[in-house]
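A.B. asks: One structure coming up, written as structure tokens, with questions to follow.
The values are calculated or read from the model by the stated rules, or taken from the named source; none is laboratory data. A quick note: this is a predicted structure, and the numbers were derived from the prediction, not measured. Reconstructed Cβ throughout: ideal geometry from the backbone, glycine too, with neighbour counts over all protein chains shown.
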Amino acid sequence: MEEMKEDALKKTIIGLTEPIARSLNLIVWGLEILRAGRMIIRLYVDAPLSPSSTSDAALASSGENADRRSPSIGQCEEISRHLALALDVENLIDEAYTLEVSTPGFSRTFFSLAQMRPYLGELMEVRLRDPVMPEPLGSRLHPGAALTPRHLWRGKLNAVRDDALVLEPVAVSADGDIIPEAFKPLCLPWKNVHRATRLHVFKNPVKPGKKAKTSR
């Protein structure tokens, strides 16, 4: 399917879904069309943020205010049932497909910069269409860091502008430690973002009976 046709299909599917979602007090978070042997239409629905969590104070906070009540399995199933009927009636797709309706979850994929604003201060993973070269912060780099262009960046979301996001780069160790990288904050244009997701890092648990080494 050509990109232009795919974009038109996405817009039409979202248009069909929005009234169904609104009837359940939900919103359409985003839509992906994937290929895995057959077409997969993956729709994400979510509960809207409460008015208190969209205030300036909430937008500047990290984490808790951005979380929301998650739609139930029953609501996702109801949307899937109604949407499948609408797609059959409209006869939009001339090939076999699988329809999936779910919530974005904690590690949510972002489909617009506006969606990212409530998550300022949180860790993100951003995959770019074209690699970006970092700028060193000062004269020293952390061991293992290299000044090479990257497609994949992880970091703290510092700001969301009209057409770009600002990321403070970090590395994640094998033990789950967050290590700031000695790079200047990156201003990443949204048009260059292939995929942006919320990043949750799990620290490796300390085995019973073992203690952290201390120096004498």
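A.B. asks: Would it be correct to say that VAL170 is touching a helix residue (DSSP H, G or I) at 6+ places or on another chain (Cβ under 8 Å), surrounded by 14 or more Cβ atoms within 10 Å (Cβ to Cβ) and at pLDDT 95 or above?
C.D. replies: Spelling it out, it is not the case that VAL170 is touching a helix residue (DSSP H, G or I) at 6+ places or on another chain (Cβ under 8 Å), surrounded by 14 or more Cβ atoms within 10 Å (Cβ to Cβ) and at pLDDT 95 or above.
Every residue, every condition in (1) closer than 22 Å to ALA47 by Cα; (2) not assigned by TED's automatic domain parsing to the domain that holds TRP190, yes or no:
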site	(1), (2)
LEU83	yes, yes
LEU92	no, yes
ARG108	yes, yes
LEU120	yes, no
ASP130	no, no
LEU137	no, no
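A.B. asks: May I pose another question? Could you list, in sequence order, the residues of region 72-94 that are of a type in the set (Ser, Thr, Tyr) and outside any helix (DSSP H, G or I)?
C.D. replies: SER72
A.B. asks: Which of the residues spanning region 70-111 are closer than 30 Å to MET124 by Cα and of a type in the set (Lys, Arg)?
C.D. replies: Within region 70-111, ARG108 is the sole residue that qualifies.
A.B. asks: Shifting gears a bit: Give the residue that is farthest from LEU26 (Cα to Cα), with candidates limited to residues of region 103-138 that are of a type in the set (Ser, Thr, Tyr) and crowded, with 16+ Cβ neighbours inside 10 Å.
C.D. replies: Ranking the candidates gives TYR119 first.
A.B. asks: Is it fair to say SER70 is modelled with pLDDT of 95 or more and among the polar types (S, T, N, Q)?
C.D. replies: Judged against the criteria, SER70 is not a match.
A.B. asks: List pairs: first residue in region 170-188 and part of a loop (DSSP other than H, G, I, E, B), second residue surrounded by 14 or more Cβ atoms within 10 Å (Cβ to Cβ) and at pLDDT 95 or above anywhere in the structure, Cβ distance under 7 angstrom, at least six positions apart or on different chains.
C.D. replies: These pairs meet every condition: GLU181/PRO169; GLU181/VAL170; PRO185/ASN158; PRO185/VAL166; PRO185/LEU167; PRO185/GLU168.
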